[in-house]
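Remarks on the structure that follows.
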Amino acid sequence: MTANTFDAALFRGKVALVTGAASGIGAAIAKAFADLGSHVVMQDIDTGRLYGRAVELSRDEQRITAISGDLSVPGTAETVFDKALAAQGRVDFLINNAGRSWGVATDEITAERTSELMELNFNSVLWLSKRFIVHARERGEGGSIIQVSSTAGITGFQRRAVYCATKFGVIGLTKVLALDHARENIRVNAILPHVVETDMFRTVATPQDAATWRAGIPMGRFAQVEDVANLAIFLCSPAASYLTGGLYPVDGGAMAGSFGGE
């Protein structure tokens, strides 16, 4: 799908750093960049799947780097960026995709799990973005950051208080970084997936859950990982050179308003 839409040499000679790249949305984004000629740095906590994906994407003319690490541990974000630079020499695109969600009743929220989610979903995004911006300034060639937030960053979901808080935070971070660095040609945008048909979703959602979610989506289907990847590619491309600070739901119309079915 991606190769049929974009020029296959679109990102030749560029480097994309994609977090959470071993599976799901992150794996699709990494593949999309590789398909369009980019060198790719892939990060994930799942070492086995990560290195397997890296081997799948390897091509003679491209450099694919795999970096394992747990971004919920303070300091890992900075280490990942340093390793990416050491391996590739530059980073043109940063895709902050790694994240996690869990549901919990208010009276069962704990400090430990909250800190872990904040570190992964927000703090790692902040520190990787900071490092990328410093690097882009030094190179003087600009660059693009894509924050993979969620529709939970613009509306509430039951039992997702902490998760929504982290994703709302990423939205605020996106807008401020876009304002602060627009004149340095560093663009910052956020993609907001809704329900994406990943292996994880298929594992945790019962058929009844899936039917309920699908009924609320005007287009009547869940997003595929390629739907998210294609948007990331567009937002990093020259075609989006005037876009920064934007929020782009990938939701089949779900955020457009109340939907009453057919």
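General observations
- A single entry from S68, S23, S38 fulfils the requirement of being surrounded by 14 or more Cβ atoms within 10 Å (Cβ to Cβ), free of Cβ contacts under 8 Å to residues at least 60 places away in the same chain, under 20 Å from L231 (Cβ atoms) and not β-branched (V, I, T): S38.
- Selection of first residues in the range 241-262 that are farther than 15 Å from T155 by Cβ and of second residues that are of a type in the set (D, E, K, R) and surrounded by 15 or more Cβ atoms within 10 Å (Cβ to Cβ), restricted to Cβ pairs under 6 Å at least 6 apart or on distinct chains, gives the following pairs, ordered by first then second residue: T244/R187; G245/K175.
- Hits in the range 193-223 - residues which are in contact (Cβ under 8 Å) with a residue 60 or more places away in the chain, surrounded by 16 or more Cβ atoms within 10 Å (Cβ to Cβ) and either of a type outside the set (V, I, T) or in a helix (DSSP H, G or I) (or both): P193, H194
- Long-range neighbours under 9 Å by Cβ, at least six apart or interchain, first residue free of Cβ contacts under 8 Å to residues at least 12 places away in the same chain and within 12 Å of I133 (Cβ to Cβ) within the range 169-182, second among the hydrophobic types (A, V, I, L, M, F, W, C) and surrounded by 13 or more Cβ atoms within 10 Å (Cβ to Cβ): V176/V188; D180/I133; D180/I186; D180/V188
- Unmet criterion (only one of (1) in contact with a Phe, Trp or Tyr (Cβ under 6 Å, 6 or more places away or on another chain); (2) within 19 Å of V125 (Cα to Cα); (3) of a type outside the set (S, T, Y)) for A30: (1)
- Within the range 128-167, tally of residues that are within 18 Å of the chain's Cα centre (by Cα) and either surrounded by fewer than 15 Cβ atoms within 10 Å (Cβ to Cβ) or not aromatic (F, W, Y) (or both): 21
- Among the residues of the range 21-41, the one identified as charged (D, E, K, R) and closer than 24 Å to H194 by Cβ is K31.
- Selected residue [at pLDDT 95 or above and either more than 17 Å from the chain's Cα centre (by Cα) or more than 22 Å from P193 (Cβ to Cβ) (or both)] from D44, D92, D60: D92
- Among the conditions (1) surrounded by 17 or more Cβ atoms within 10 Å (Cβ to Cβ); (2) of a type in the set (A, V, I, L, M); (3) not in a helix (DSSP H, G or I), V125 misses just one, which is (3).
- Identity of the residue in the range 77-92, out of contact with any Lys or Arg (no Cβ under 7 Å at 6 or more places or on another chain) and buried (at least 22 other Cβ atoms within 10 Å of the Cβ), that ends up nearest to E116 (Cα to Cα): A77
- Taking the listed residues T244, T206, T198, the one that is out of contact with any strand residue (DSSP E or B) (no Cβ under 9 Å at 6 or more places or on another chain) and under 24 Å from T166 (Cβ atoms) is T198, with no other qualifying.
The values are calculated or read from the model by the stated rules, or taken from the named source; none is laboratory data. These figures come from a predicted structure and were not determined experimentally. Positions of Cβ are generated from backbone atoms using ideal geometry, with glycine treated the same way; all protein chains shown enter the neighbour counts.
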